[in-house]
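Contents: one structure, followed by commentary.
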Amino acid sequence: MLHAITFDLWNTLIANRSYGNQRFNFLIDFMHKQSYKVSLDELKEKYNSALEKHRITEKKFGLIHFQLEDRLKELFSSLKLVITPKLLNNLIIDLEDILMLNPPPLMDGVKETLEYLSKNFKLGVISDTGITPGRVLRKVLETHDILKYFQTTIFSNETGYLKPSNAMFETALKNMEIDSENAIHIGDLLQTDIKGAEEAGMKTIWISYNKIPTNFYSEMRITPDFTISNIKEMIPIVEKLKN
């Protein structure tokens, strides 16, 4: 019997939107205000190198979330620049908060679907984060008036792990006091959302938006229990599983 539903965030509840240019522009302005001599091209090159270094480490040691602080420390080190702890902390907060200047919109049908489902199921969010942490993403959910529907919100910068790590899914289930066999997860990425939820013992819904790669299932050996093209289509699925 189904008692709980967990949701991926990006491209499931809210639309993925890039804030890279805004952050790089803010960062280069910060550098110049501090009299650091660095060009925008050099800044981008060093930042991307730092990011790639962390990705290599992630592949080697597992699904570890690297904090923005780690990325910036690596960046300043590679540029041979010194930054005080106070300045670094302020920079981190400013870069994280840039998203709130123009919050990403909800995906179609999200609010109505959550309002309906919240009447009969416990709901949760399980999301990886990049630069924008859970602290800010909860503000985005609150801005759209949907944070109230969730019993738990799990973000990788707070757990220290990335999907498909069991830690992400198990933390959500523990917070909702739900066994995995009584829960279902919905997301748009087979290799993180669906794989992670399956390994945690949950049922799965892949939201494909009609972009179904016909050979991807067999290649990745990941088969969702259900596939939909719009979030509203999950309602009859979970209603059937409820009984």
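What follows draws every value from the coordinates through simple rules; no lab data is involved. Bear in mind the structure is a predicted one, so any value in this text is a computation, not a measurement. All Cβ positions, glycine included, derive from the backbone under ideal geometry; neighbour counts span all protein chains shown.
Here are the numbers for this structure:
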{"read-out": "Burial ranking of peptide ranges 132-144, 192-204 (average Cβ count within 10 Å, highest at the top)", "value": "192-204, 132-144"}
{"read-out": "Theoretical FRET efficiency, 1/(1+(r/R0)^6), r = Cβ-Cβ of K174 and N25, R0 45 Å, to 0.05", "value": "0.65"}
{"read-out": "Label point distance in nm, E233-N89, each placed 7 Å from Cα along Cα→Cβ", "value": "4.8 nm"}
{"read-out": "Long-range amide H partners of Q34 with built H, under 5 Å", "value": "none"}
{"read-out": "From the C-alpha gyration tensor of the stretch 20-101, square roots of 5λ in Å", "value": "21, 15, 13"}
{"read-out": "Residue pairs, from the table K174/K203; K119/K242; K148/K195; K174/K240; K203/K232, whose Cα atoms sit over 22 Å apart", "value": "K148/K195; K174/K240"}
{"read-out": "Unit charges on C-beta of K, R, D, E only; dipole of the chain, Debye", "value": "480 debye"}
{"read-out": "Per-peptide average of other Cβ atoms within 10 Å, ordering 14-22, 121-129 highest first", "value": "121-129, 14-22"}
{"read-out": "S208 versus I64: modelled label distance in nm, points set 7 Å from Cα along the beta carbon direction", "value": "3.7 nm"}
{"read-out": "Positive-end residue of A4, N120, G20, charge dipole of the chain with Cβ unit charges", "value": "G20"}
{"read-out": "Chain lengthening between L147 and K111 when straightened (0.36 nm per residue, less Cα-Cα)", "value": "11.9 nm"}
